[in-house]
Structures are given as C-alpha cells and as structure tokens.
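See below for the structure under consideration.
The values are calculated or read from the model by the stated rules, or taken from the named source; none is laboratory data. This structure is a prediction, so every number in the text was calculated from the model and none was measured. All Cβ positions, even for glycine, are placed from backbone atoms using ideal geometry, and neighbour counts span all protein chains on display.
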Amino acid sequence: MDAEITEREYMHSGHVGCPGCGATIAMRFFLKAMGEKTVLVLPACCWSIIAGSYPQSTLKIPVIHAAFETGGATASGVRAALDMLGDTETTVVTWAGDGGTFDIGFQSLSGAVERNEDFLYVCYDNEAYMNTGIQRSSSTPYGAWTTTTPGREWKKMRKKNIVEALVAHRIPYAATASIAFPEDLLRKAEKAKGIKGSRFLHIYASCPTGWRIPSEMSVKIARMAVQTNIFPLYEVEDGLRYTINHKPRGYLVREYFRHQGRFQHLTDRDLDEIQKMVNEDWELLLRKAGERV
C-alpha cells in the first residue's frame, strides 16, 4: 500500500532551484518520509547549490557538503560517528545526482555497499551534469543532446542501468521511484528507512533547463517516462526478489520524446530503434520478476 503524504514540511520554500526542478520536488517528498532524525550528505550536485551555504539552509535537517566522489565514504564515516555516540535512530542519507552516482562517485558507492554500510543512498536522476552546464553522463539516455554531445554527435550509447549495478552487490534493498508517483516514492523511502544495511533509491527527476521542456511539463514528462516503460517502477530485495510496482499499458515512446527539445533531432528510424530498446529492457525486467512476457 502506498504511503500517505504528511502536511509537515522539512524544506523551506525559499530555495534557488530552477522553476519546475524535479530534484526539488523529489527532496520535498522524500523528507516527508524520512522526518527530522536524518543527516544528509550532499556530494557536489545541483542540490549543493539549492541547499544553500552555511549558515543558511533550505533544509530543516543537518547537511554535510562533501566532495563529488565521496558520497559513499562520507556517509560511512557519519554512520560510524553516530554509532560511537550511541545514536541508532538517525538515518544517514547520501543525496546525489547522476554524475556523482553513475560516474564520479561510483567507486565510493560500490565500496560502501560492498561493506554493507548502514545508510541510504539516493540518486535523483536528471540524466546529465546539469549543475555545470548540461554535460553528458553515463545516465544520459541514448539519443539525447547535451553540450558535450551536440548536433549530429548526440549520444549513441545506452544509459547505464544503475539499479542493476547495485543489485549485483546483493544489497538489502534497491528501488526506482518517480516524482510523478509521490505515494510510491514515500512508501519506498519509508521501507528503506526501516531496513538495516545499504539501501539504494533511484528517483527520476526531470530537468526543464537541460531537457528543454516548459517548467509546467516537469511532472507530466516524469509520468510519461513510467507510462512508456522508459523508467519502470520496481524494487529488488536482497538482490534476488523483484517486484514491479506499476504496470502501464506501454504507450509508444514517440510521445515522450516529442515534448523534449533534447531529442528533436531524432528521426523516425531513431525512434523505432529506441522503442526496440525499451521493449527489450521491459521484457528482461518481467523475466527477472518471474512474470509472463
């Protein structure tokens, strides 16, 4: 059952996120599930700016700003310090973008979860290095324009499947979530909060600036990503047990791509190829969940 959304807020309204920023929507919902007994580790990312610099803060919980590549290591140290103080109630959370998770921070993350450190790592995924100028990351999807994959040089590689990379570590819990499905997001955050060991939450967070969409389309685009099976909602326990949380009718991906400026260069042939990739990935997920293809 999905969680109820509390009216209590742990995030001030005066932040500096862009209009329609999916990352700020994700944080607002996420903290409603986590509550005040939370310490947040912020590797370099958009949220390093949105959170504000000391002594001011957008958030009503303790925040530790960390280097780009140290999300997993810093969270491990914070957890050890709290344990030495006898504080077993506070949840340690690393909140990082795709650059600090898929790429620059992956070594630190992998090392921490291999040790099964007791913390929750959250990646809000806007599919590029948005804070530094919309550069391509390994989270950037096939076909996307970025400032480092411009014009005819749009990205020709598939997006890294970060959840499967974490599942391969056999961690207690890994899941996807979306800002367009807040009840599902809160339920998974609350579930992860109650689990010991390493947990990973991958949140789809649209970026109007980098994706070239109107700010009012942010949530709609996020919903379409789920409805087209581009970003399925599922969870994996102990690296073995898959549960698909939402089974859409599988709309054609063309509608999703049509609304975003970063994909306007794609031809019908390109879109047909992407549709095949999406179908293939969805069928693979169904098999892992033990469901009929």
Got a number for residues in segment 235-256 being buried (at least 21 other Cβ atoms within 10 Å of the Cβ), touching a strand residue (DSSP E or B) at 6+ places or on another chain (Cβ under 9 Å) and free of Cβ contacts under 8 Å to residues at least 60 places away in the same chain? 0
Does Ile50 satisfy the condition of being without any contact (Cβ under 8 Å) to a residue 40 or more places away in the chain, surrounded by 13 or more Cβ atoms within 10 Å (Cβ to Cβ) and either β-branched (Val, Ile, Thr) or touching a Cys at 6+ places or on another chain (Cβ under 8 Å) (or both)? yes
Do you know which residues across segment 174-195 are surrounded by fewer than 23 Cβ atoms within 10 Å (Cβ to Cβ), over 25 Å from Ala144 (Cβ atoms) and either of a type in the set (Asp, Glu) or out of contact with any Pro (no Cβ under 7 Å at 6 or more places or on another chain) (or both)? Pro182, Glu183, Asp184, Leu186, Arg187, Glu190, Lys191, Lys193, Gly194
Tally up the residues in segment 65-89 that are more than 26 Å from Ala165 (Cα to Cα) and surrounded by fewer than 17 Cβ atoms within 10 Å (Cβ to Cβ), please. 8
Scan segment 90-113 and give yes if some residue there is farther than 14 Å from Lys160 by Cβ, part of a loop (DSSP other than H, G, I, E, B) and not hydrophobic (A, V, I, L, M, F, W, C), otherwise no. yes
Among (1) touching a residue at least 24 places away in the same chain (Cβ under 8 Å); (2) within 26 Å of Trp95 (Cβ to Cβ), the one test that Ile195 misses: (1)
Just checking, which of Val122, Val78 is under 30 Å from Ser13 (Cβ atoms), touching a residue at least 24 places away in the same chain (Cβ under 8 Å) and in a strand (DSSP E or B)? Val122
Segment 188-213, residues that are within 24 Å of Cys45 (Cα to Cα), part of a loop (DSSP other than H, G, I, E, B) and of a type outside the set (S, T, N, Q): Ala205, Cys207, Arg212, Ile213
Select from segment 118-135 the residues that are of a type outside the set (Val, Ile, Thr) and surrounded by fewer than 22 Cβ atoms within 10 Å (Cβ to Cβ) and write down the one among them that is nearest to Thr91 (Cα to Cα). Asp118
In segment 140-187, the residues that are assigned to a loop (DSSP other than H, G, I, E, B), among the polar types (S, T, N, Q) and either farther than 23 Å from Leu286 by Cα or in contact with a Gly (Cβ under 7 Å, 6 or more places away or on another chain) (or both): Thr140, Thr147, Thr148
Test for Ile25: is it modelled with pLDDT of 95 or more and assigned to a helix (DSSP H, G or I): yes
Given (1) in contact with a helix residue (DSSP H, G or I) (Cβ under 7 Å, 6 or more places away or on another chain); (2) assigned to a helix (DSSP H, G or I); (3) within 28 Å of Arg187 (Cβ to Cβ), identify the lone condition not met by Leu284. (1)
